[in-house]
Amino acid sequence: MIQQSSISYECINAIGNSLKLDEMLRDVISTFLRQTDAIGGQFVSQGVNSKSIVSLGETFYIPNLTKNIDSYEIIVLAEGGFVIDTPIKEEHFLFLFKSDENLDTLGNMFSNFRTKLINSIEACRMAEQCGEMKLSLTNHITEEINKNKVNEEIMIAQSRMAIMGEMIGMIAHQWRQPITIIGMLINNTILDIEFDEIDKDKILEDLTSIDEQVHYLSKTIDDFRNFFRPNKLPQHIKVGDISRELLNILGKNFENNNISLSFEGDLDGEFYSYKNELLQVFLNILSNSKDAFLEHNIESSQIIFTINIEKDEILFSIQDNAGGIPKGIQEHIFDPYFSTKSKELGTGLGLYMSQIIIEKHLHGSIKVDSHSNKTVFYVKIPKIDIAGVNRVY
C-alpha cells in the first residue's frame with residue numbers, strides 16, 4: 001500500500017521551488033521518482049514527434065501522445081512497461097513503471113497537481129521572458145550608445161528602460177510567493193475533496209486568501225504601470241507615497257536578499273514635484289546599493305532613507321553600509337557610461353541620468369560622500385511654485 005499523503009506532500013513541496021524551468025521540472029520529476037516505483041520520468045512537448053524537454057531515469061519513447069486527456073492516461077508499452085501520461089496544456093509529464101500496481105492511484109494523485117504545475121511553469125517562463133527582455137533592452141541601449149547619436153531626452157528614456165528590465169525581474173520574483181500560495185490552496189482543496197474531508201469554513205477561508213493574493217498581483221502591476229507614466233506637470237506628493245511605492249517595487253527583492261530599507265524624517269510631509277522622475281533617481285541609487293551589498297557579502301545590510309522638508313527646498317539622503325566607494329571611483333560615478341559592474345548588470349547610465357534629472361530638470365543637486373564602509377547620496381531639490389512650472393518629458 002503506497003503512502004499517498006506522504007507522496008503528495010513531497011511532490012507539492014517540489015513544485016515551484018525554482019524560477020528556472022529546467023531546475024523546477026527536474027525537482028518535480030526526481031521527487032516523484034524517489035517517492036514511487038517509477039523508473040523513468042519525462043516532461044515532453046506534444047506533437048507527432050514528441051520532444052523531451054527534461055528526462056530522468058530510464059529512457060523511453062512515446063511516438064504519439066493523446067490530445068485532450070481530462071486528467072491522466074495509462075499507456076501500455078509494446079516492449080513492456082507502463083507509462084502514466086499527465087497533460088499540462090500542450091505538454092505532458094510521463095512516468096515509466098515496470099508493473100501496473102497502484103497506477104490509477106498515482107495517476108489520479110499527480111493529475112491533482114496540474115493547477116499548481118501550470119502556475120509554476122508559467123511563472124518560470126515569465127521569468128525567462130523577463131530575463132530575455134532585460135537583455136534585449138540592455139543590448140538596445142548599448143547599440144544606441146555606440147552610435148553616439150542620442151540626445152539627453154532619449155538617454156533618460158533608455159535609462160528608464162534599463163530600470164524597467166530590473167523591475168520586471170523584481171515583479172516576477174514578487175509574484176512567485178502569491179502564485180505558490182494560490183496553487184497550494186487550490187491543491188489542498190482538491191485533496192480535501194478527494195479524501196472527502198470538505199470543511200466549508202476552511203474552503204471559504206482559502207478562497208478569501210486566494211482573493212487577497214490576486215489583488216496583490218493586480219496592485220503590483222498597477223505600481224509598475226504608474227511608474228512609467230510620464231509626468232508632464234508637477235504632482236502633489238506625499239512623502240508616505242514615495243516610501244510606499246519604493247517598498248512596493250523593491251520590498252520583496254530586498255527582503256529576499258536580507259536588506260533592510262527604513263525611512264526617517266518628515267514622513268508626513270507633502271510637496272510638489274515630478275514624482276516619477278524622483279522615483280527613477282531613487283531606484284537607481286537603491287539598486288546600486290543592493291548590488292554593492294551582494295558584491296561585498298554584507299551580513300547586516302541596511303539602507304536609511306531620510307527626507308527633510310525645509311522652507312525652500314526638500315532634502316533627501318540615502319545611506320547604506322555596503323562597503324563604501326573608493327575615492328578613485330567616487331570621482332567618476334556621475335560620468336556617462338562609467339560602471340564597475342559587468343555588462344549584464346550595468347550600462348553606466350543610471351547615476352549619470354540621475355544627475356541630469358536632478359540638476360537640469362529639477363534644478364537641484366546630487367552629491368555622494370563615502371568613507372569607511374558607508375556611502376551617502378545627498379539629493380536636494382527646490383520647492384516648486386505651482387503657479388509657474390516647467391514641463392518635464
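The values are calculated or read from the model by the stated rules, or taken from the named source; none is laboratory data. Keep in mind the model is a prediction, meaning the values are calculated, not measured. All Cβ positions, even for glycine, are placed from backbone atoms using ideal geometry, and neighbour counts span all protein chains on display. Each accessible area value is taken on the protein alone, full model and side chains, heavy atoms only, with ligands, DNA and RNA left out. Shrake-Rupley method; radii C 1.70, N 1.55, O 1.52, S 1.80 Å.
The table that follows gives values for the structure above.
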{"quantity": "Carbon + sulfur, % of accessible area of the range 51-123 - ligands and nucleic acids excluded, 1.4 Å", "calculated": "47"}
{"quantity": "Per-pair calculated FRET efficiency, R0 = 22 Å: Glu295 and Lys327 via Cβ, rounded to 0.05", "calculated": "0.75"}
{"quantity": "HN-Hα J in Hz across the range 192-197 - Karplus 6.51, -1.76, 1.60, θ = phi - 60°, x for Gly and Pro", "calculated": "4, 5, 4, 8, 6, 10"}
{"quantity": "Entries of Lys20/Lys89; Lys20/Lys290; Lys20/Lys238; Lys20/Lys134; Lys327/Lys380; Lys20/Lys252 with Cα pairs more than 27 Å apart", "calculated": "Lys20/Lys238"}
{"quantity": "Ranked packing of 22-30, 294-302, most packed first, by mean Cβ within 10 Å", "calculated": "22-30, 294-302"}
{"quantity": "Computed lengthening from Ala78 to Arg34, 0.36 nm per intervening residue step minus Cα-Cα distance", "calculated": "13.3 nm"}
{"quantity": "Amide hydrogen neighbours beyond the local backbone of Tyr272, cut-off 5 Å, H modeled", "calculated": "Ile237, Ile384"}
{"quantity": "Environment charge of Arg34, counting only residues whose C-beta is closer than 14 Å and scoring Lys/Arg +1, Asp/Glu -1", "calculated": "-2"}
{"quantity": "Extension gain from Gln235 to Thr66, taking 0.36 nm per residue of separation minus the Cα-Cα distance", "calculated": "55.0 nm"}
